[in-house]
Every structure is written in structure tokens, then in C-alpha cells.
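The values are calculated or read from the model by the stated rules, or taken from the named source; none is laboratory data. Values in this document were obtained by computation on a predicted structure and should not be read as measured data. Backbone-built Cβ (ideal geometry, glycine too); neighbour counts: all protein chains shown.
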């Protein structure tokens, strides 16, 4: 897998795609292609971490792809290293000119830089793509400014993907991403109530910076510890209104027709279809019966999906 590194540890000289690239949608891939096509420099993606708005305004910023998740996605695109520039208040005070000289030219030895048309940088976002081209071209650096990519609904954007996920529209999100939406977590101990009800569930500890879809119950695929086999599952995302209405949101996964030892193992989850919102039941028996109905609906749906996928 490609390395994740700081600017000072990066291989140089670089041909770099510069931006946040959250979701790696078609617009982002066009910038990457422009950065690395026909160059002998090290193909690199350069992003800020944490997101500038987290540092400048204290905003919690949830990500479609966390840095470690990006590594396996970038390698097929021809990127050889993901360089994270630590975003600090000191960096935020750098002028656009100083940022180009200090980070891109002196540290990363950029020979080519590609950005989207809406790229902004430098103190108070004073620099734009045109200024980047002016500053870097004067030092012999090839700068590519890539037009936005769109479809019939408008410009490709991370915001559109987030909106689709917030609505539970997994097919739309997957179309915009160019791949299925996924997230992962480590299986941790829970109450054990699911097993007592006859529906043993894996409780996932998911990175709090990961953007998760609409609350509710989903049919999903699950895979263990990076193993490619997809196991049919039902996932509940959200609090537990019947058992503990005041509990925080949780991710619980029931592997259909499989009883595996999962504790401390990693599960990769691909939500396939939103089945229903969360409900509060009068008793645990009613909850167990509803879980059984959810499981049967998910089983049929995933079986159809599997048949469609493999003919």
C-alpha cells in the first residue's frame, strides 16, 4: 500500500494533486490524472490535516474518506504517496506566496501541480488557482487548472455525496463516488442483549471523524479483517430507543445465518439499502420479531443484489 507521510518525509521531486479530495469523486480523479500524466516526478496527493475549518473555526468535520482509507483508493489511480500537510494556526497565517514557496517548492520540490478551478489557499484564502499558476510558473513549475466535472444534476461535489448519504440514498451516493460507500470499525463488547434475543450483534467502534449515513436499519455487506468475502448482514445505526432511549448512537451489525467470533476483529461495512427508521417497541419480544422481519427482508434483497452482480 502507498505510504502516508508528512511533507518533510515525502519522496521528491513531486507531481502533485493539491486539495482535500474528500470522496475521491470523478472531479477529484480528473485533477489526479492531470497531475501525474506523462511526468517522471513522484505522483503525489497533497492534502491538509486536520481540515482547515476545524482549526480556524472549531468546526467538527466529518470525512467521507479518512486518510488511511484513501491509501487503497489512490494506488489504482497511479498515486504513489499521500502527503498530509499539518494544518496549524501558524500555517494559516502564511501568505499565498509563502505557502507556495515554503511547502510546494522548497519542501516538496514540485515539478507539476494540479488543482480544481475552485481551489483556494493562503492567509484568509487569499490565493486562487490563477495566483497559484502565476507564482509557481515563474519558478518553472507546470500548473494544471482542471475544470469541474458534472452530470445532469450539476457539479460533482462532496456535498452532493453527503446529502445522498443523509437521505439514505446509497445507490445515488455510490454513483457519485464511483464506488460503493463503506466504513469500518473494530468489534467491541456490548450488552449481549442481541444474543439473548436470538440475534447476536457485533458492536462496532467507528472513528468519530467518519461521515455515517442516515440513522436507521440497513441491509448491508460485511467483510472481516480485509477478507474479500462479503457476508450478508443487517445493520442498525443510531440509538436504542427500546432498550435505552438515552444511549448515544451506535453501529450494530448482525451477520445473517453466521455465528462467528468477532470481538476485537475489524469489520468493513457496505450499507446497501435503507430498510426503515428506528422504532420504539413495547417489549423485547416485539423488538425480536421486528429484527426477524428486518433480517428476512435484508436476506432477500441481498440475494437479489448478488444475483444481479454475478448474473
Would you check if residue 130 is in contact with a helix residue (DSSP H, G or I) (Cβ under 7 Å, 6 or more places away or on another chain), under 25 Å from residue 157 (Cα atoms) and not in a loop (DSSP other than H, G, I, E, B)?
no
Does region 194-217 include one or more residues that are part of a helix (DSSP H, G or I), crowded, with 18+ Cβ neighbours inside 10 Å and at pLDDT below 80?
yes
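Confirm whether residue 133 is touching a residue at least 12 places away in the same chain (Cβ under 8 Å), surrounded by fewer than 20 Cβ atoms within 10 Å (Cβ to Cβ), assigned by TED's automatic domain parsing to the domain that holds residue 259 and within 27 Å of residue 8 (Cα to Cα).
On the way: touching a residue at least 12 places away in the same chain (Cβ under 8 Å): yes; surrounded by fewer than 20 Cβ atoms within 10 Å (Cβ to Cβ): yes; assigned by TED's automatic domain parsing to the domain that holds residue 259: no; within 27 Å of residue 8 (Cα to Cα): yes.
So residue 133 does not fit the description; no.
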For residue 189: the one exception among (1) free of Cβ contacts under 8 Å to residues at least 40 places away in the same chain; (2) over 20 Å from the mean Cα position of the chain (by Cα); (3) surrounded by fewer than 16 Cβ atoms within 10 Å (Cβ to Cβ):
(1)
Go through region 273-311 residue by residue and tally those that are surrounded by 11 or more Cβ atoms within 10 Å (Cβ to Cβ) and assigned to a loop (DSSP other than H, G, I, E, B).
5
Considering region 78-89 alone, what residues qualify as being surrounded by fewer than 18 Cβ atoms within 10 Å (Cβ to Cβ) and either at positive phi or without any contact (Cβ under 8 Å) to a residue 60 or more places away in the chain (or both)?
78, 88, 89
Quick check on my filter: what residues within region 233-253 are at pLDDT below 95 and touching a helix residue (DSSP H, G or I) at 6+ places or on another chain (Cβ under 8 Å)?
242, 243, 252
